[in-house]
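The values are calculated or read from the model by the stated rules, or taken from the named source; none is laboratory data. Note that the coordinates shown come from a computational prediction; the quantities given were computed from them, not determined experimentally. Using ideal geometry, Cβ is built from the backbone for each residue, glycine included, and neighbour counts are taken over all protein chains shown.
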């Protein structure tokens, strides 16, 4: 498995949580989502976790995903819905028309892009004054004994492990400078909001199986041991409450 290759993880992505609807509602209203002709684009849509959130807000638009396995899972989720059109493409080459979108988003995926090329492409597809939001959904585990214990056990298995990005403060890097690194965008603002997901043990383990960067650094044998350790730690739980904190950076096309 390679960093950024989600082909073998696609079927486990169904277990992942969505994003804070409160944040999406606030940014969406600021961006003008109450207009009848308002259109969004979820770029790097994966299996459609963020797309589902946007759909639940009554929005219409495009879901663009480069990985065939991930895109196929997303299309399955939306097979009875008709408010999002799925297509192949990337942040650097979305395949969408010029000036066709009011709000572009990337959920937990902007860190995989060539950021300068992506920002240039987003500016091309956005209508004048449109918005781009990069949002992540890291676990918010500080003060939660079970989750802190699990985290510690992973770092014991992989000393020196480095997360590619989980959206947390220690892993996010220079996101703001990347968003403002071109002449195409300005007016940056940041929002974050906590929320919780209640998961079965199977779903919780499925979330861990969907994590790319830990698997790459652990290798197959060690990652299977990590999963076994987590399974033992949650054995006595009927349900697992998992705290998250959605963190979103938004810029406006100039």
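Residue 47 - would you say it is part of a loop (DSSP other than H, G, I, E, B), touching a helix residue (DSSP H, G or I) at 6+ places or on another chain (Cβ under 7 Å) and closer than 27 Å to residue 245 by Cα? Break it down into steps so the answer makes sense when it comes.
Values: part of a loop (DSSP other than H, G, I, E, B): yes; touching a helix residue (DSSP H, G or I) at 6+ places or on another chain (Cβ under 7 Å): yes; closer than 27 Å to residue 245 by Cα: yes.
Considered against the rule, which asks whether it is part of a loop (DSSP other than H, G, I, E, B), touching a helix residue (DSSP H, G or I) at 6+ places or on another chain (Cβ under 7 Å) and closer than 27 Å to residue 245 by Cα, residue 47 comes out as yes.
If residue 85 satisfies every condition in (1) closer than 24 Å to residue 191 by Cβ; (2) surrounded by fewer than 19 Cβ atoms within 10 Å (Cβ to Cβ); (3) within 19 Å of the chain's Cα centre (by Cα) but one, which is the exception?
The failed condition is (1).
Examine segment 111-124 for a residue that is buried (at least 23 other Cβ atoms within 10 Å of the Cβ) and in a strand (DSSP E or B), and state whether such a residue exists.
Step one: filter segment 111-124 for residues buried (at least 23 other Cβ atoms within 10 Å of the Cβ), giving 118-119, 121-122.
From the residues that got through so far, the ones that are in a strand (DSSP E or B) too are none.
Within segment 111-124 (the criterion being buried (at least 23 other Cβ atoms within 10 Å of the Cβ) and in a strand (DSSP E or B)), the answer is no, since none of the residues qualifies.
Tally up the residues in segment 216-248 that are under 22 Å from residue 162 (Cα atoms), part of a loop (DSSP other than H, G, I, E, B) and in contact with a helix residue (DSSP H, G or I) (Cβ under 7 Å, 6 or more places away or on another chain), please.
0
Looking at (1) within 23 Å of residue 119 (Cα to Cα); (2) in contact (Cβ under 8 Å) with a residue 12 or more places away in the chain, which is the only condition residue 55 fails?
Residue 55 satisfies every listed condition except (1).
It is to be established whether one or more residues within segment 200-219 are in contact with a strand residue (DSSP E or B) (Cβ under 6 Å, 6 or more places away or on another chain), crowded, with 18+ Cβ neighbours inside 10 Å and under 22 Å from residue 113 (Cβ atoms).
First, pick out the residues of segment 200-219 that are in contact with a strand residue (DSSP E or B) (Cβ under 6 Å, 6 or more places away or on another chain): 204.
Going one step further and asking which of them are crowded, with 18+ Cβ neighbours inside 10 Å, we end up with 204.
Subsequent filtering for residues that are under 22 Å from residue 113 (Cβ atoms) retains none.
No - not one qualifying residue is present in segment 200-219.
From 181, 165, grab the single residue that is surrounded by 16 or more Cβ atoms within 10 Å (Cβ to Cβ), in a loop (DSSP other than H, G, I, E, B) and modelled with pLDDT under 95. So that I can check it myself, show each step before the final result.
Numbers: 181 fails: surrounded by 16 or more Cβ atoms within 10 Å (Cβ to Cβ).
The unique qualifying residue is 165.
Might you let me know whether segment 69-82 holds any residue that is touching a residue at least 40 places away in the same chain (Cβ under 8 Å), under 28 Å from residue 174 (Cβ atoms), in contact with a strand residue (DSSP E or B) (Cβ under 7 Å, 6 or more places away or on another chain) and in a helix (DSSP H, G or I)?
no
Name every residue in segment 50-68 that is touching a strand residue (DSSP E or B) at 6+ places or on another chain (Cβ under 7 Å) and part of a helix (DSSP H, G or I), in order of residue number.
Matches in segment 50-68: 50, 51, 54, 55.
So, in segment 94-109, exactly how many residues are within 19 Å of the chain's Cα centre (by Cα) and assigned to a strand (DSSP E or B)?
So the first thing to find is which residues in segment 94-109 are within 19 Å of the chain's Cα centre (by Cα), and the list is 94, 103-109.
If we keep only those that are assigned to a strand (DSSP E or B) too, we end up with 103-107.
Qualifying residue count for the region: 5.
Scan segment 126-145 and report the pairs whose first residue is in contact (Cβ under 8 Å) with a residue 12 or more places away in the chain and whose second residue is part of a loop (DSSP other than H, G, I, E, B) and crowded, with 24+ Cβ neighbours inside 10 Å, with Cβ atoms within less than 7 Å and a gap of 6+ or a chain change.
Short answer, once both residue conditions are applied: 135/19; 136/167; 137/19; 137/167; 138/167.
I need the full set of residues from segment 15-44 which are assigned to a helix (DSSP H, G or I), in contact (Cβ under 8 Å) with a residue 60 or more places away in the chain and out of contact with any helix residue (DSSP H, G or I) (no Cβ under 7 Å at 6 or more places or on another chain), in order please.
Within segment 15-44, 22, 23, 26, 27, 28, 30, 31 qualify.
Which of the residues that make up segment 7-48 are under 20 Å from residue 88 (Cα atoms), surrounded by fewer than 21 Cβ atoms within 10 Å (Cβ to Cβ) and modelled with pLDDT of 95 or more?
39
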